[in-house]
Amino acid sequence: MNLLTTALPDTITVDGREYTIHTDFRDWIRFCEMFLDEELTKEEKAYISMMLFKEQPTDIVKSVKALTNFYLMADSEEEQEEPAEEVEEEHTEETEVTPKPVYDWTVDSAYIIGAFQKTYGIDLTNIEYMHWWRFKALFTSIIEFDLEERIGYRALDTSKIKDKDERKRLDRIKKSLILKTNVSDEEIGGVFGG
């Protein structure tokens, strides 16, 4: 989904029917925190999750999967997973990927508020509403690479890096940022005779 060209959703589909949900970022931070609460049973978590619906579907299992899909900003049912804290990939020669938490909504809340204020001039403690997907896009931009860094890493010619370890590190970053298409703006313009 392209957030620049698509309206942010306020419904999710369960069993082929659209249901309106609460979309404010605070509701979805609570959703994540609730899923991470080890004192709650799976049944309690499912019941609490249903409060995100303005009108509740009957199939709780499919509803929770649809809510999780929305939380993850996933486009398809294949992408659905149980929500967890954001993770940073750690690569080693022996293992594939070992996820580890890199932030916590509660522990880091003051720093998240400060980062939004400093970066965007947005006071999260005093904002009436912000859609979860907008919040997540802004947050991701703070914690990951900004657009300039992303483009810089994609354009980087790592073959000129002499240090083997540094070249490997930069190659991993480039690989994580690779685009699905290799069509430049000039080539797109050429299609229309530009």
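The values are calculated or read from the model by the stated rules, or taken from the named source; none is laboratory data. Since the model is a prediction, treat every value here as computed from it, not as a measurement. Cβ atoms come from the backbone with ideal geometry, glycine included; neighbour counts cover every protein chain shown. Ligands, DNA and RNA are stripped out before the accessible areas are found, and what is left, the full protein with its side chains, is counted by its heavy atoms. Shrake-Rupley method; radii C 1.70, N 1.55, O 1.52, S 1.80 Å.
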Restricting the search to the range 118-136, which residues are surrounded by 14 or more Cβ atoms within 10 Å (Cβ to Cβ) and in a helix (DSSP H, G or I)? Trp132, Trp133, Arg134, Phe135, Lys136
Across the range 105-117, which residue is least open to solvent (accessible area, probe 1.4 Å) among those that are part of a loop (DSSP other than H, G, I, E, B) and among the β-branched types (Val, Ile, Thr)? Thr106
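For Tyr71, are the conditions met, namely being over 19 Å from Lys136 (Cβ atoms) and surrounded by 13 or more Cβ atoms within 10 Å (Cβ to Cβ)?
no
Residue by residue through the range 45-63, note down the ones that are closer than 12 Å to Ile21 by Cβ, open to solvent by 20 Å² or more (accessible area, probe 1.4 Å) and part of a helix (DSSP H, G or I). Write out each step before concluding.
The initial filter retains those residues of the range 45-63 that are closer than 12 Å to Ile21 by Cβ, namely 49-57, 63.
When the remaining residues are screened for being open to solvent by 20 Å² or more (accessible area, probe 1.4 Å), the result is 51, 54-56.
Across the range 45-63, the qualifying residue is only Met51.
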Could you please find all residues in the range 137-179 being outside any helix (DSSP H, G or I), more than 16 Å from the chain's Cα centre (by Cα) and not acidic (Asp, Glu)? Leu156, Ile161, Lys162, Ile178, Leu179
